[in-house]
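S.K.: Below is a structure I'd like to ask you about.
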Amino acid sequence: STGEQLVKALLEREHFTKIRDLSQSLAEGDGEHSVEEVENALDQYRTELGRTNILESSLIDLDIPELFASTAVDGFEFRMSSLKTAIGPLPKGSMVLAAARPEAGKSTFLASEVSHMALELPEDRTVLVIANEEPGAAIKTRYVQAALGMSRVDIQKDPIKAKALFESTHKRTVTDLYKFFHNPSFRMYDIRKLAEKYKPSIIVFDQLRNVQGFEKRSGTEVERLKFLYQEARQLAAEYGVVLTVHQAGGASEGVDYIPGNNLEGCQTEVQGSLDVQI
């Protein structure tokens, strides 16, 4: 409506003015502001404009045939049969978090599940993997092993044969299907740029909490994580499915069934952005 368009235009003008003033200050070299403040202003702009988009798209005007067709279960299937039964397919917009104590196999778990989901991708879509804890090459080898169902030793015996097997199964090379990036200083702004370029249907963060951003806007790390996960949720809505891992808190040591609120550095702020927590 005209009213909604006016609100959006005014909000855009407010954000653009702030970004302009910060950028001008940097250009003039007055030393009062930093590039990080410009990036944070851009983060805030995207978050706020996402809210106005919710206003514009909130009307559900589907009739019965279209309504039930739109709610049919469709999406990426888990590899593990127990997860298939308990959770079902992951539709576009899903946000999944796997939590465990350190060295419990979280990254390997994601590699196994995502390599299975990747078989369902159309030819023009990719898997974007952000590795900001372990070296990216080490993470990538796990995905290749999981995709082929082979150990590192077996692949090293005949890597040419392993390459041919991967390409015959996936109909493209591993570098075409997977886009791996390793950079501990990545910000959400950087990841959004990568998503715009590579058009992923699956985005993996290992780990999302290590991504930088929202420092200036947040008073605490708990609040920063809330903004971070909200932005990741927006990426899921735009591109497909987002999966990440998170450390379980110290109280989870030796516990078989970890309470859902026992995530390192937060209580319920992160959980509010999730569809699935494992």
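The values are calculated or read from the model by the stated rules, or taken from the named source; none is laboratory data. Just so we're clear, the structure is a prediction, and the values are computed from it rather than from any experiment. To get the accessible areas, we keep the full protein, side chains included, count just its heavy atoms, and leave off ligands, DNA and RNA. Shrake-Rupley method; radii C 1.70, N 1.55, O 1.52, S 1.80 Å.
S.K.: How large is the Rg to Rh ratio of the chain when both quantities use alpha carbon positions and Rh follows Kirkwood?
M.R.: 1.00
S.K.: Could you give the spread of the C-alpha atoms of the range 65-201 along their three principal axes, from largest to smallest, in whole angstroms?
M.R.: 55, 34, 34
S.K.: When DSSP assigns beta bridges and you keep just the ones with both residues in the chain, what percent turn out antiparallel, to the nearest 5?
M.R.: 10 percent
S.K.: Given H placed 1.01 Å from N in the peptide plane, which residues other than close sequence neighbours of residue 94 have an amide H under 5 Å from its amide H?
M.R.: Under 5 Å from the amide H of residue 94 lie the amide H atoms of 242, each far enough along the sequence or on another chain.
S.K.: Ignoring ligands, DNA and RNA, what percent of the accessible area of the chain is carbon or sulfur (1.4 Å)?
M.R.: 54 percent
S.K.: Expressed as an acute angle from 0 to 90° and rounded to the nearest 10, what is the orientation of the C-alpha long axis of helix 35-56 relative to the principal long axis of the chain?
M.R.: It is inclined by approximately 90 degrees.
S.K.: How much accessible area per residue does the chain have, in Å², with a 1.4 Å probe?
M.R.: Result: 53 Å² of accessible area for each residue.
S.K.: Something else about it: Tell me, what HN-Hα J-couplings in whole Hz come from the Karplus equation 6.51 cos²θ - 1.76 cosθ + 1.60 at θ = phi - 60° for each residue of the range 230-246, using x for Gly and Pro?
M.R.: Residue by residue, the range 230-246 yields 5, 5, 5, 5, 5, 4, 4, 4, 7, 10, x, 10, 10, 10, 8, 10, 8 Hz.
S.K.: For the cross-link pairs 18/199; 18/193; 84/199; 92/179; 193/226; 157/197, which exceed 24 Å when the distance is taken from alpha carbon to alpha carbon?
M.R.: 18/199; 84/199; 157/197
S.K.: Placing one identical point scatterer on every Cα of the range 228-278 and ignoring solvent, what is log10 I(q)/I(0) from the Debye formula at q = 0.18, 0.26 Å⁻¹?
M.R.: Evaluating at q = 0.18, 0.26 Å⁻¹ gives log10 I(q)/I(0) of -0.61, -1.04.
S.K.: What list of ³J(HN,Hα) values in whole Hz, one per residue of the range 95-112 in order, does the Karplus curve 6.51 cos²θ - 1.76 cosθ + 1.60 (θ = phi - 60°) give from phi, with Gly and Pro shown as x?
M.R.: Once θ is set to phi - 60°, the couplings for the range 95-112 become 10, 10, 10, 10, 10, 6, 6, x, 6, 9, x, 5, 5, 5, 4, 4, 4, 5 Hz.
S.K.: Amide H to amide H, which residues 5 or more places from residue 207 or on other chains are under 5 Å from it, using H placed in the peptide plane?
M.R.: 132, 133
S.K.: Does anyone have the angle between helix 159-170 and the longest principal axis of the chain? Alpha-carbon axes, 0 to 90°, nearest 10?
M.R.: Here the helix axis deviates by roughly 60 degrees.
S.K.: From the Cα trace of the range 104-184, what convex hull volume per residue do you get, rounded to a whole Å³?
M.R.: 88 Å³
S.K.: Could you tell me the distance between the Cα centroids of the range 71-111 and the range 201-229, to the nearest Å?
M.R.: Computed from Cα coordinates, the inter-centre distance equals 20 Å.
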